[in-house]
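The values are calculated or read from the model by the stated rules, or taken from the named source; none is laboratory data. Predicted model, so just to flag it, every value in this text is computed and none were measured. Cβ coordinates were reconstructed from backbone atoms using ideal geometry, including for glycine residues, and neighbour counts include every protein chain displayed.
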Amino acid sequence: MSHHILELRDVHFSYPDGTVALKGISFRILHGESVGLAGANGAGKTTLLMNLNGQFLPTRGTVSIGEIPLNKRTRQEIRKKVGFIFQRPNDQLFMPTVYEDVAFGPANLGFSQEQVDERVKNALEMVGCLHLSHRPPHRLSEGQKSAVAIATVMAMNPDILVMDEPASNLDPKSRRQLINLLKKFEHTKIIASHDLDLILDVCERCIIIKDGRIAADGPAEEILLNKELLDENNLELPLSKQNVFHENFRAMKALHRKD
Amino acid sequence: MHMADALLSPAVGGTFWAGTLGAIAYAAKKLRENLDDRFIPLMGVLGAFIFAGQMINFTIPGTGSSGHIGGGMLLAILLGPYAAFLVIASVLTIQALFFADGGLLALGANIWNLGIYPCFIAYPLIYRFIVRNRNTPSRITIASILSVVFGLELGALSVVLQTKISGITELPFGTFVIVMLPIHLAIGVVEGFITAGVVNYVRTLRPDIIEHVEGVKALSSSVSMKKIVIVFAIFTVLAGGIFSWFASTYPDGLEWSIEKIYGKAEIPERQTPVSEILSETQKKTAILPDYSLPSAGKGEEKPSWPSVDTITSLSGLLGGIMVLAVVVIFGIGIKVIRKLRRT
Amino acid sequence: MTFDAEFFNIGYLDNLSYKDTFVHRLDPRVKLLVSFIFIMFVVSFPKYDLSGLIPFFIYPVFLLTAGDIPLRAIAKKVLFVSPFALFVGIFNPLLDTDVLLTLFGIPISGGWISFLSIIVKFILTVSTALLLIAATSFLGLCEALERLKLPRIFVIQLLFLYRYLFVLLEETFRMLRAKDARSFGKRGSEIKTFIRLISILLVRTVERAERIYQAMLSRGFRGEIKVLKRHRLRFQDLVFVVSSIGLFYLFRNYNIVHILGEVVERSLR
């Protein structure tokens, strides 16, 4: 993998109906970094993500991926480098079987049947779903769908992984499996999530978005443990840091000691 | 108002299949010329939407009976006639396979009845004509109701004709018509009203859905009157030809093919004891004097079985029971073999 | 406003279609063709023929048993759709009263015979259609359709429909349940509510299609989708075709019931 840099310079975006969603976003992400994107609903997380792979084009400012500026002509090229994993796996698994879904990307890239086959097998193995390759997507559990959705993108060997709320529909076990999977990947990762514990677990860096602007950008451990900062941005401490459980546990232990 | 296989003759079923396949090929061709890639997922997902929508029953005010939408006109408004026709065909195909709604042979006729009339006649000639460039809610409502009713009535009439020409049921043409047409008039009014309601409401939520599609449609929906007439003329000639071909001498094409293969009306047989019984049996089942074919009715005498069959005697009954027994034993045998194989 | 329990039935047949039996492994083209030809043969019987139809039961019985498909499920569905055929067919005994034969001294009119013939044809054709899909996955059938030269856009769109059918059914179901929870049994302006519901569902559906399209673009979509060809014709397929069609032809042209009956009668004398 070459050293790709994702860079946004003063990116603005407005929807066709006039709603201004992004009001001047600038940041740089280096190869291999894993960055969490946090913010309240409507802050602009999803819009920002969609500007990264050409689903939306900035109305002002530039998005560049490894020196290639994003525009109508370079969109297709950039999509080879930026793998986008959508919030709802159902939107992403549209082929009749898992195999064909994972093969969709590489096939579109023009690889031969054997090459496609190899990529599919590798991608499915990576997410632990090789045994599901003949299943139709509607016969998968939510956790399996999430994993396969990741495989569909991995089969294209992207440099950068962009994920929108990856764990939102998962049960605790599947969520844990997803987190372990993500930690294994060496790709550059940008993950938008309400699940601040996930960001804390997987990402070294965290960017907080509020009202279409960057409110904070720094190491995840600093940002996500800063109660005041989080409050200002309509967020909360990650659940694991909220000490509720610990306090109850200590209280219970104290009770037992009295008996 | 779906046709069923059991009420169709192979000639009628086959003819409408030919027509429907031709229409599918034509619609696909026209779509390919002008296809917006967005349509590819859109068509399928809208098909699923129509399918799901059809499963919701509502009570029709004033009658107390329940109904559901067909959705053909709505699809035509959203997607244009060609794409809508393909979607309708898909929905009906899935219904035929999973719900036994109609049957595989009747599927061709069903797609014709529920797809051709709304998409290629009612939509361009009535809906588009009324709505033209001024799609105000009231125009849409009127256009909707009229086109849906027209499409449904044509479809209902087709069902009656197809059933009658097949000649399997004794249902008199007149009775059938008197029952089918008013019912579908009522259904049409309700569905037209609902279609208009949906179009108008969706326009307030997301006007681009209706207008964007209309933009694309403008290119591909130029179904001219001349073309329609030509297509129907060709179809009528074909249908008439196939009909008479089938029905003229033999009500089924099989004996025709026997004749073609062997040059005789029957397969030549060697005289063995079994074949003796065979030919004797065939001679026994003679035509009843006052029986005549309902359709092509050229008054020709059928050579022998299988035009009329009667369980004339004990032998027939015995035979029937025995055959059924064989079939059941066959089935059980397979089950046993499968069980043994698994252990 | 109710939601048909049919929703759950599609899933049931879909489930059955993934079994692994001899029948399931046959090439889908072959099953489709043989089933279609079967229906043509059955339907080609003239209206007063009843006994000729009986041997044809062997085909659905074969599919059912060799395909390990539960009889009850199929029987229930056949029963469920029978009203229309019954309604149209019942006119036969009412209108066609010329006595065609007497059985054990009881005169039976042609109308009854043709009515029974319709019923038997109905059972044969409907069960075969259901068994076809239960023994062949929908994907397999679509592959068969494409190989039989149906337009690709039509087949692709069939596949998309099927893929999102379950998703949409569930979404619709949820909407209805939410609406019912706030209706308290009142059945006011159902049509208006229905229009609202359908409109919202429509908008959501279009939005979903847009998301899917974006997902396709994100993976390099440029207009072409390939349907994977999984099956190849094997010896079993050819044997199946030839023997089935041969058998149908035999049954159509020779009244097995009569022949067997005669044989038995003769040997009894």
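Looking only at segment A:53-71, decide whether some residue is out of contact with any strand residue (DSSP E or B) (no Cβ under 9 Å at 6 or more places or on another chain), modelled with pLDDT under 90 and small (G, A, S). Within segment A:53-71, not a single residue is out of contact with any strand residue (DSSP E or B) (no Cβ under 9 Å at 6 or more places or on another chain), modelled with pLDDT under 90 and small (G, A, S).
Each row is one residue, and each column tells you yes or no for (1) among the polar types (S, T, N, Q); (2) at the interface with chain B (Cβ under 9 Å from one of its Cβ atoms); (3) in a helix (DSSP H, G or I); (4) surrounded by 13 or more Cβ atoms within 10 Å (Cβ to Cβ).
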{"position": "C:F80", "(1), (2), (3), (4)": "no, yes, yes, yes"}
{"position": "C:F84", "(1), (2), (3), (4)": "no, yes, yes, yes"}
{"position": "C:V88", "(1), (2), (3), (4)": "no, yes, yes, yes"}
{"position": "C:L101", "(1), (2), (3), (4)": "no, yes, no, yes"}
{"position": "C:I108", "(1), (2), (3), (4)": "no, yes, no, yes"}
{"position": "C:L116", "(1), (2), (3), (4)": "no, no, yes, yes"}
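If only residues of segment C:25-60 that are of a type in the set (A, V, I, L, M, F, W, C), assigned to a helix (DSSP H, G or I) and farther than 24 Å from C:D237 by Cα are counted, the one that is farthest from the other protein chains (Cβ to nearest Cβ) is C:L53.
Residue-by-condition table, conditions (1) of a type in the set (A, V, I, L, M, F, W, C); (2) modelled with pLDDT of 90 or more; (3) within 13 Å of the chain's Cα centre (by Cα); (4) outside the structural domain of C:S109 (by TED's automatic domain parsing):
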residue	(1), (2), (3), (4)
C:F8	yes, no, no, no
C:L16	yes, yes, no, no
C:V23	yes, yes, no, no
C:D49	no, no, no, no
C:Y59	no, yes, no, no
C:T65	no, yes, no, no
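Listed by position, the strands (runs of 3 or more DSSP E) enclosed by segment A:1-49 that each have at least 3 residues that are free of Cβ contacts under 8 Å to residues at least 60 places away in the same chain and closer than 25 Å to A:V202 by Cβ are A:6-14.
Just one of the listed residues (B:L104, B:L46) is modelled with pLDDT of 90 or more, crowded, with 24+ Cβ neighbours inside 10 Å and under 22 Å from C:K226 (Cα atoms), and it is B:L46.
The condition (being more than 9 Å from chain C (Cβ to nearest Cβ) and within 18 Å of the chain's Cα centre (by Cα)) is satisfied by just one residue among B:G62, B:G80, B:G72: B:G72.
Counting only strands (runs of 3 or more DSSP E) that fall entirely inside segment A:129-243 and contain at least 2 residues that are within 23 Å of A:L6 (Cβ to Cβ) and over 14 Å from the mean Cα position of the chain (by Cα), the qualifying elements are A:205-210, A:213-219.
Before we move on, is C:S109 within 26 Å of B:G167 (Cβ to Cβ) and modelled with pLDDT of 85 or more? No, not satisfied.
Within segment A:204-226, residues that are at pLDDT below 95 and buried (at least 19 other Cβ atoms within 10 Å of the Cβ) sit with their Cβ atoms under 8 Å from residues that are among the basic types (K, R) and part of a strand (DSSP E or B), at 6+ positions apart or across chains, in these pairs: A:G212/A:K23; A:A220/A:R205. Quick one: in segment B:150-169, which of the residues that are surrounded by fewer than 22 Cβ atoms within 10 Å (Cβ to Cβ) and among the aliphatic types (A, V, I, L, M) is farthest from the other protein chains (Cβ to nearest Cβ)? Among them, the one singled out is B:L154.
Does B:H184 count as more than 13 Å from every other protein chain (Cβ to nearest Cβ) and modelled with pLDDT under 90? Yes.
Residues in segment B:18-49 that are closer than 26 Å to B:T163 by Cβ and either assigned to a loop (DSSP other than H, G, I, E, B) or more than 9 Å from every other protein chain (Cβ to nearest Cβ) (or both): B:A18, B:G19, B:T20, B:G22, B:A23.
Remark: pairs (first residue in segment A:99-118, within 24 Å of A:I78 (Cβ to Cβ) and facing chain C (nearest Cβ under 7 Å); second residue in a loop (DSSP other than H, G, I, E, B) and of a type in the set (V, I, T); Cβ separation under 9 Å; 6+ apart in sequence or on different chains) = A:F104/C:I225. Look at segment A:138-157: where a residue is without any contact (Cβ under 8 Å) to a residue 40 or more places away in the chain and a partner is among the β-branched types (V, I, T), sitting 6+ places away or on another chain with Cβ atoms under 8 Å, you get A:H138/C:V167; A:A147/A:V127. Restricting segment C:121-132 to residues that are facing chain B (nearest Cβ under 7 Å) and over 10 Å from B:L104 (Cβ atoms) leaves a set whose member that is farthest from the chain's Cα centre (by Cα) is C:K121. Taking segment B:1-17 as the search range and keeping residues that are part of a helix (DSSP H, G or I) and more than 8 Å from every other protein chain (Cβ to nearest Cβ), which one is surrounded by the fewest Cβ atoms within 10 Å (Cβ to Cβ)? In this case the residue turns out to be B:W17.
Does C:F248 satisfy being touching a Phe, Trp or Tyr at 6+ places or on another chain (Cβ under 6 Å), under 30 Å from B:I40 (Cα atoms) and in contact (Cβ under 8 Å) with a residue 24 or more places away in the chain? Judged against the criteria, C:F248 is not a match.
When you look at C:D237, is it within 30 Å of the chain's Cα centre (by Cα), farther than 24 Å from A:R135 by Cβ, surrounded by 13 or more Cβ atoms within 10 Å (Cβ to Cβ) and more than 9 Å from chain B (Cβ to nearest Cβ), yes or no? Answer is yes for this residue.
Within segment C:61-72, the set of residues being surrounded by 16 or more Cβ atoms within 10 Å (Cβ to Cβ) and in a helix (DSSP H, G or I) comprises C:V61, C:F62, C:L63, C:L64, C:T65, C:A66. Candidates in segment C:151-173 are the residues that are more than 19 Å from the chain's Cα centre (by Cα), within 20 Å of B:I56 (Cβ to Cβ) and within 7 Å of another protein chain (Cβ to nearest Cβ); of these, the one that is surrounded by the most Cβ atoms within 10 Å (Cβ to Cβ) is C:Y164.
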